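Chemist: This is the structure I have questions about; it appears just below.
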Amino acid sequence: MAKYKNNYIKDITNILKALADESRVRIVMALAGREKLCVCQIIELLGLAPSTVSKHLYILRQANLIESNKKGRWVYYNLAGDGKNKAVQTVLHWLQKSLAKDAGIKEDKKLLGKILKDDPERLCLKMKKR
């Protein structure tokens, strides 16, 4: 395989590998246009086990698609927004444009609207009791 002088193709490949899962695409699309989401809101949206969601979030962080910020006991996620990684920005733009009218993504937006009406701290505490 030819060696490239820049890492752009390597970055794109890593990003595409990270997005090769429907749940991870759903996470990225849920974060699109939002300042942040608490991990408990993401768990509620996906309906998956916390450990599974944690693994998905780890993979997205490794690909530099998302960032996390801990506030007290809660962890919040947002899309990588520094604009420094051109590959990330290119793929995120393409993904958002390509899936804007997808029925599943629209359904996630409706569900997320309901989830966001609940206090994230209350939602997290409710999940711990499950």
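Readers should treat all values here as calculations from the given coordinates under stated rules, not as data from a laboratory. What you see is a predicted model, and the numbers here were worked out from it, not measured in a lab. So basically every Cβ, Gly included, is an ideal-geometry build from the backbone, and we count neighbours across all protein chains shown.
Chemist: For segment 27-37, check the following and say yes or no: at least one residue is more than 17 Å from residue 123 (Cβ to Cβ), part of a helix (DSSP H, G or I) and not acidic (Asp, Glu).
Modeler: Scanning segment 27-37 turns up at least one residue that is more than 17 Å from residue 123 (Cβ to Cβ), part of a helix (DSSP H, G or I) and not acidic (Asp, Glu).
Chemist: Something else now. Among the residues of segment 103-130, which ones are surrounded by 10 or more Cβ atoms within 10 Å (Cβ to Cβ) and small (Gly, Ala, Ser)?
Modeler: The answer is 104, and nothing else.
Chemist: It is to be established whether one or more residues within segment 60-73 are in a helix (DSSP H, G or I) and either among the hydrophobic types (A, V, I, L, M, F, W, C) or out of contact with any strand residue (DSSP E or B) (no Cβ under 9 Å at 6 or more places or on another chain) (or both).
Modeler: For segment 60-73, residues in a helix (DSSP H, G or I) and either among the hydrophobic types (A, V, I, L, M, F, W, C) or out of contact with any strand residue (DSSP E or B) (no Cβ under 9 Å at 6 or more places or on another chain) (or both): present.
Chemist: Tell me whether segment 3-25 contains one or more residues that are in contact with a strand residue (DSSP E or B) (Cβ under 9 Å, 6 or more places away or on another chain) and of a type in the set (A, V, I, L, M, F, W, C).
Modeler: No - not one qualifying residue is present in segment 3-25.
Chemist: For segment 74-84, how many residues are crowded, with 16+ Cβ neighbours inside 10 Å and either of a type in the set (A, V, I, L, M) or outside any strand (DSSP E or B) (or both)?
Modeler: Number of matching residues: 3.
Let's see how each residue does on (1) touching a residue at least 60 places away in the same chain (Cβ under 8 Å); (2) on the phi > 0 side of the Ramachandran plot; (3) surrounded by 15 or more Cβ atoms within 10 Å (Cβ to Cβ):
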residue: 53; (1), (2), (3): no, no, yes
residue: 62; (1), (2), (3): no, no, no
residue: 69; (1), (2), (3): no, no, no
residue: 72; (1), (2), (3): no, yes, no
residue: 94; (1), (2), (3): no, no, no
residue: 101; (1), (2), (3): no, no, no
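Chemist: Right, next: Name every residue in segment 23-51 that is closer than 16 Å to residue 114 by Cβ and surrounded by 16 or more Cβ atoms within 10 Å (Cβ to Cβ), in order of residue number.
Modeler: 26, 30, 37, 38, 40, 41, 42, 43, 44, 45, 46
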